[in-house]
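The values are calculated or read from the model by the stated rules, or taken from the named source; none is laboratory data. Remember, it's a predicted structure, so these values are computed and weren't measured experimentally. Using ideal geometry, Cβ is built from the backbone for each residue, glycine included, and neighbour counts are taken over all protein chains shown. Areas reflect the complete protein model, heavy atoms only, side chains present, ligands, DNA and RNA absent. Shrake-Rupley method; radii C 1.70, N 1.55, O 1.52, S 1.80 Å.
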Amino acid sequence: SNMYGVKPSTNRTTFINNIRSRYSLASVTIKNISGSVVTSSLLSTGDKVTIANGSYTSTFTVIIRGDSNSDGKINITDYAVVKRSIQGQTSLNASTRISSDVNKDGKVNITDYAIIKRSIQGQTTINQ
């Protein structure tokens, strides 16, 4: 399943520590989009977070709305990725398609492009 509500620029180590502060015995593993285990840098769209606590284990795919290039931030690169996607010049994977649909209407289009642009300009905030 997907994990929503993660804010852009969330540090992976901080994220892991926040989970462990609530569930002291929890084991948390984060794999990046390439499948490598990572602990530093930013939590990004497409990261797989596995949480194990006793007999409970679950894996979630991180979705950060507006993080269209899976770097954990919302910036001009995301704006460019959405533009190229709308123009048919690039394809989005399952995670980045969801993260690029910032108005949550089920499609990536000019409206999402405009919202990401306004977010970068500080004129709006993308709801996670």
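Mind giving me the FRET efficiency for residue 93 and residue 27? R0 is 30 Å, r the Cβ-Cβ distance, nearest 0.05 is fine.
Details: r = 27 Å, r/R0 = 0.90.
Between residue 93 and residue 27 the formula returns 0.65.
Between 48, 107, 117, the Gaussian network model of the chain with springs among Cα atoms under 10 angstrom shows the greatest mean-square fluctuation at 107. Once you've got the GNM for the chain with C-alpha springs shorter than 10 Å, pick whichever of 45, 57, 29 has the biggest mean-square fluctuation. In the Gaussian network model the winner is 57. Relative to the longest principal axis of the Cα atoms of the chain, helix 76-86 runs at roughly 70 degrees. Rolling a 1.4 Å probe over the protein heavy atoms gives the stretch 1-118 an accessible area of 53 Å² per residue. Sorted from longest to shortest, the spans of the Cα atoms of the chain along the three principal axes equal 47, 27, 25 Å. All other residues whose Cβ lies under 9 angstrom from that of residue 99 are scored, Lys and Arg at +1 and Asp and Glu at -1, for a net of -1. With the whole protein complex present, residue 101 retains an accessible surface near 10 Å², based on a 1.4 Å probe. 3J(HN,Hα) along the stretch 42-51: 9, 5, 10, 4, x, 4, 9, 9, 10, 10 Hz, from the Karplus curve 6.51 cos²θ - 1.76 cosθ + 1.60 with θ = phi - 60°, whole Hz, x for Gly and Pro. For the chain, adding -39500 (n - 2.57) for each run of n ≥ 4 DSSP H residues and dividing by the number of residues yields -9000 deg cm²/dmol at 222 nm.
Close amide-amide hydrogen proximity is noted between residue 124 and 119, each under 5 Å apart and 5 or more residues distant or on a separate chain (H modeled in the peptide plane; Pro and chain starts excluded).
Of the cross-linked pairs 31/73; 7/48; 31/117; 83/117; 7/104; 7/31, those separated by over 22 Å at the C-alpha level are 31/117.
Could you please state how large a percent of the accessible area of the chain is carbon and sulfur, counting protein chains only and using a 1.4 Å probe?
On the way: 3300 of 6970 Å².
About 47 percent, which is the carbon plus sulfur part of the accessible surface.
Taking amide H as placed 1.01 Å from N in the peptide plane, the amide H of residue 70 sits under 5 Å from that of 45, each at least 5 places away or on another chain. Scanning residues 5 or more positions from residue 10 or on other chains, those with amide H under 5 Å from its amide H are 43, with H placed 1.01 Å from N in the peptide plane. Across the stretch 102-107, computed HN-Hα scalar couplings (Karplus, 6.51 cos²θ - 1.76 cosθ + 1.60, θ = phi - 60°) run 5, 9, 6, 9, x, 9 Hz from first to last residue, x flagging Gly and Pro.
In the chain, the longest principal axis of the Cα atoms and the axis of helix 12-22 are about 50 degrees apart.
Using R0 = 30 Å, the C-beta based FRET efficiency linking residue 17 and residue 117 works out to 0.35.
Name the shape class, rounded, prolate or oblate, that the alpha-carbon gyration tensor gives for the stretch 59-112, where a ≥ b ≥ c are the square roots of its eigenvalues, rounded holds for a/c under 1.5, and otherwise prolate holds if a/b is larger than b/c and oblate otherwise. It would help to have the intermediate numbers written out before the result.
Details: a/c = 1.55, a/b = 1.31, b/c = 1.18.
It is prolate, given that a/c is not under 1.5 and a/b is the larger ratio.
Comparing mean-square fluctuations of 70, 55, 100 from a GNM of the chain with C-alpha springs under 10 Å, the top value falls on 55.
Across the stretch 113-125, coupling constants 3J(HN,Hα) worked out from phi with the 6.51/-1.76/1.60 Karplus curve, θ = phi - 60°, read 4, 5, 5, 4, 4, 5, 5, 4, 7, x, 8, 7, 10 Hz, and Gly and Pro carry x.
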